1. Here are R90, R123: which of them is among the basic types (K, R), assigned to a loop (DSSP other than H, G, I, E, B) and farther than 30 Å from G379 by Cβ?
2. Which residue pairs have Cβ atoms closer than 7 Å, lie 6 or more positions apart in sequence or on different chains, and pair a first residue in the stretch 126-151 that is within 17 Å of M314 (Cβ to Cβ) with a second residue that is assigned to a helix (DSSP H, G or I) and near the ligand (Cβ under 9 Å from one of its atoms)?
3. Could you list, in sequence order, all residues of the stretch 212-240 that are within 13 Å of the ligand (Cβ to nearest atom) and modelled with pLDDT of 95 or more?
4. Within the stretch 134-147, does at least one residue satisfy the condition of being closer than 22 Å to T86 by Cα and either touching a His at 6+ places or on another chain (Cβ under 6 Å) or assigned to a loop (DSSP other than H, G, I, E, B) (or both)?
5. Looking at S363, S358 in this structure, which one is surrounded by fewer than 19 Cβ atoms within 10 Å (Cβ to Cβ), within 30 Å of A61 (Cβ to Cβ), modelled with pLDDT of 95 or more and not aliphatic (A, V, I, L, M)?
6. Restricting to the stretch 280-312, what's the tally of residues that are near the ligand (Cβ under 9 Å from one of its atoms), surrounded by fewer than 24 Cβ atoms within 10 Å (Cβ to Cβ) and not in a loop (DSSP other than H, G, I, E, B)?
7. Considering only residues that are in a loop (DSSP other than H, G, I, E, B) and under 26 Å from E352 (Cα atoms), look in the stretch 388-419 and name the one that is modelled with the highest pLDDT.
Amino acid sequence: MDALVPDPRRALPALHRLLAMPECGALVRVHGRERAAAAMRQQLAALREGSEGFDAGEFFAAVEQCLGTRAGLGRVLNATGVVLHTNLGRAPLAAAAIAAMAEVARGYCALEMDLQSGRRGDRFSGAAALLCELTGCEAALVVNNGAAAVLLALSAVAAGGEAIVSRGELVEIGGGFRIPEVVAQGGARLVEVGTTNRTRLSDYERAIGAESRVLLRVHPSNYRILGFTEAPDPARLATLARERGLASVEDLGSGALLDLARLGLPGERGLREAVADGFDLVAASGDKLLGGPQAGLLLGREDAIARCARHPLMRALRPDKATLAALEATLRLHRDPELALREVPALRMMAEDAEALSRRAQSLRALLPETARAEVAKGDSLVGGGALPLARLRTTLVALHPDGLTAEEFAARLRRSHPPLIARLERGRVLLDPRTLAEDEIAEAARAVTEALA
Ligand SMILES: *Cc1c(COP(=O)(O)O)cnc(C)c1O
């Protein structure tokens with residue numbers, strides 16, 4: 001009997017033959033031979049159990065699925081419309097920043113050498129000079145991210161004493177960054193003043209004692225308290241600190257250099273204003289509204305910056321040459337606001353006008369297969385990165401309603417395409433926002449949808 005029924009198992013190729021097949025090449029390159037072979041063995045075992053015959057296309061698709069799409073850091077298509085998406089790497093860099101990064105990455109650079117004297121130099125001097133020029137601060141320093149800037153500032157000026165903060169500003173930024181915990185980590189004791197919605201200068205005045213070291217102001221990046229609210233004028237807070245012999249620190253978060261009103265966005269306190277208000281130290285991120293690489297900026301007075309630079313934490317928090325090169329290039333673009341708007345991708349995306357977005361949504365829709373059942377609809381994009389939570393950027397979305405798939409299932413398929421397409425899920429709909437897709441990514445996004453529906 002057995003001899004008459006063809007046994008599909010006999011048709012299964014051996015592992016070494018599979019590894020030699022051209023389809024396997026990409027899998028081995030991405031995942032390594034060991035992992036690819038293990039996944040193939042597993043898939044062969046599954047085939048031996050079942051009654052299906054061997055089909056190379058199906059086989060390698062199953063192996064790929066088993067290996068997962070996360071083989072490492074790779075490019076994704078951001079169709080969420082969130083411009084500074086923290087989970088997707090925040091700000092895409094300007095061409096000039098990418099070129100500067102590549103140049104110093106390729107070879108050596110005078111990172112810590114003064115080319116005039118040939119002596120040891122300071123890795124921050126280029127970025128610091130630009131930051132002083134652009135914001136009016138006396139001195140500046142760069143660390144790895146905004147959180148590091150706040151931690152270093154508090155460690156340098158408040159350790160062993162008290163940091164006074166308004167109850168309306170005891171913020172959690174996300175990713176577990178909570179002001180009370182950062183104050184503790186900086187070696188200071190938190191003294192809360194005022195209430196959630198109202199804090200006055202006199203509240204700070206009354207709280208100042210022998211142990212007080214710093215008045216800390218924190219930007220409520222990702223939330224707003226509206227209605228019956230009060231907070232002291234920031235300049236008066238900085239003055240109070242100086243009169244009483246304390247340091248003043250502002251954690252600004254977003255760190256805009258450009259006047260965002262130019263983008264039709266609500267006024268956001270920028271780096272220049274915080275410096276002009278007289279804070280000893282202003283901390284901000286390099287990859288939020290500045291549109292540069294992940295970095296933390298510390299701007300302020302000469303002596304306060306010098307204390308931070310001398311602090312032992314500095315060595316642990318210092319950024320590498322590529323980050324500094326990208327930051328310097330981004331800052332150079334900010335010398336001319338018009339140029340920054342054109343060349344810094346995050347700013348360009350925020351500024352993109354409704355007409356252009358509508359046109360791009362239409363051209364994306366036109367490239368999609370019938371089965372996507374796509375339609376265009378008005379909607380909003382978000383700035384993201386914990387910045388401007390109330391700002392609504394009007395956009396045109398492409399909504400997809402494929403038959404027989406839930407929104408979650410379809411979004412999961414889109415994440416498995418090459419490159420992965422990250423869509424927005426909203427009330428059971430899969431939405432694609434052209435604002436965060438570059439011109440040449442529209443066709444790629446359409447291919448990803450086609451691939452996911454095949
Ligand atoms: C984003 C933010 C931080 C943290 O900055 P990272 O660059 O993400 O480390 C700190 N404080 C405020 C107010 C922020 O908005």
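The values are calculated or read from the model by the stated rules, or taken from the named source; none is laboratory data. Computed from a predicted structure; not experimentally measured. Note: ideal-geometry Cβ built from the backbone for every residue, glycine included; neighbour counts use all protein chains shown.
1. Details: R90 fails: farther than 30 Å from G379 by Cβ.
Exactly one residue qualifies, and that residue is R123.
2. V143/A149; V150/V182; L151/V182
3. Answer for the stretch 212-240, where residues must be within 13 Å of the ligand (Cβ to nearest atom) and modelled with pLDDT of 95 or more: L216, R217, V218.
4. The initial filter retains those residues of the stretch 134-147 that are closer than 22 Å to T86 by Cα, namely 142-147.
Subsequent filtering for residues that are either touching a His at 6+ places or on another chain (Cβ under 6 Å) or assigned to a loop (DSSP other than H, G, I, E, B) (or both) retains 144-145.
Scanning the stretch 134-147 turns up at least one residue that is closer than 22 Å to T86 by Cα and either touching a His at 6+ places or on another chain (Cβ under 6 Å) or assigned to a loop (DSSP other than H, G, I, E, B) (or both).
5. Working: S358 fails: within 30 Å of A61 (Cβ to Cβ).
Criteria check complete, one pass: S363.
6. First, the residues of the stretch 280-312 that are near the ligand (Cβ under 9 Å from one of its atoms): 283-288, 294-296.
Of the ones still in play, those that are also surrounded by fewer than 24 Cβ atoms within 10 Å (Cβ to Cβ) are 294.
Next, from what is left, pick out any that are not in a loop (DSSP other than H, G, I, E, B): none.
Qualifying residue count, the stretch 280-312: 0.
7. Residues of the stretch 388-419 in a loop (DSSP other than H, G, I, E, B): 388-392, 401-406, 416-419.
Add one more test, that the residue is under 26 Å from E352 (Cα atoms), and what stays is 388-392, 419.
On the way: L388: 79, P389: 77, L390: 76, A391: 83, R392: 84, P419: 92.
For the stretch 388-419, the residue satisfying everything is P419.
Conditions tested, residue by residue: (1) in contact with a Gly (Cβ under 8 Å, 6 or more places away or on another chain); (2) modelled with pLDDT of 95 or more.
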residue: E328; (1), (2): yes, yes
residue: R332; (1), (2): no, yes
residue: L339; (1), (2): no, yes
residue: R342; (1), (2): no, yes
residue: D353; (1), (2): no, no
